[in-house]
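Below is one structure; the comments refer to it alone.
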Amino acid sequence: MNRRNFLGLGLGAVVAASVAPTTLSAINFRETKPKAWDAKKVDGALKEVFGTSTTTKSKKVKLKAPDIAENGAVIPVTVSSKLAGSKVAILQDANPESLVAVFTVPKGGIIDYSIRIKMQKTGNVTVIVEEGGKLYSASKLVKVTIGGCGG
């Protein structure tokens, strides 16, 4: 088992324990969509997760991340939305693998997730919320001053 799979299973367990019991499907997602976790580009990861990479920027999707991350190993990211989304994905374009996290939102659930991500260099963090088969997005450039993945 490689580091990314081990950490993904650990993240899934932590999310399942702390967010909601229905988030257990995030663990199954890794098994059913393995190519999504190896995608080198954001568009490729989106196609694997959602079947398309066509998104619409929306003010209904909120992404909170620092403008400058002093340490790329622990960048706090918060995603929220009032959309009745069914799935939320967090991606970035600064690491070799683009997909960071995928959350399955239970019907009537609230989209308000906070995680810490790693980025080895300056790049864009993107969040996607799927509602009614359409993808809504928000992005933010995060400048990394000390590498998190590369040292």
Self-check item: Filtered residues of region 99-114 (kept if in contact with a Ser or Thr (Cβ under 8 Å, 6 or more places away or on another chain) and crowded, with 16+ Cβ neighbours inside 10 Å)
Solution: Phe103, Thr104, Val105, Gly109, Ile111, Tyr113
Exercise. Considering every residue within region 64-72, establish whether at least one is modelled with pLDDT of 95 or more, within 30 Å of Ile146 (Cα to Cα), among the charged types (D, E, K, R) and over 16 Å from the mean Cα position of the chain (by Cα).
Key: yes
Quiz prompt | Filtered residues of region 91-131 (kept if outside any loop (DSSP other than H, G, I, E, B) and among the acidic types (Asp, Glu)) | solution = Asp112, Glu130, Glu131
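The values are calculated or read from the model by the stated rules, or taken from the named source; none is laboratory data. Bear in mind the structure is a predicted one, so any value in this text is a computation, not a measurement. Don't worry about glycine lacking a Cβ; one is built from the backbone with ideal geometry, like all the others, and counts go over all protein chains shown.
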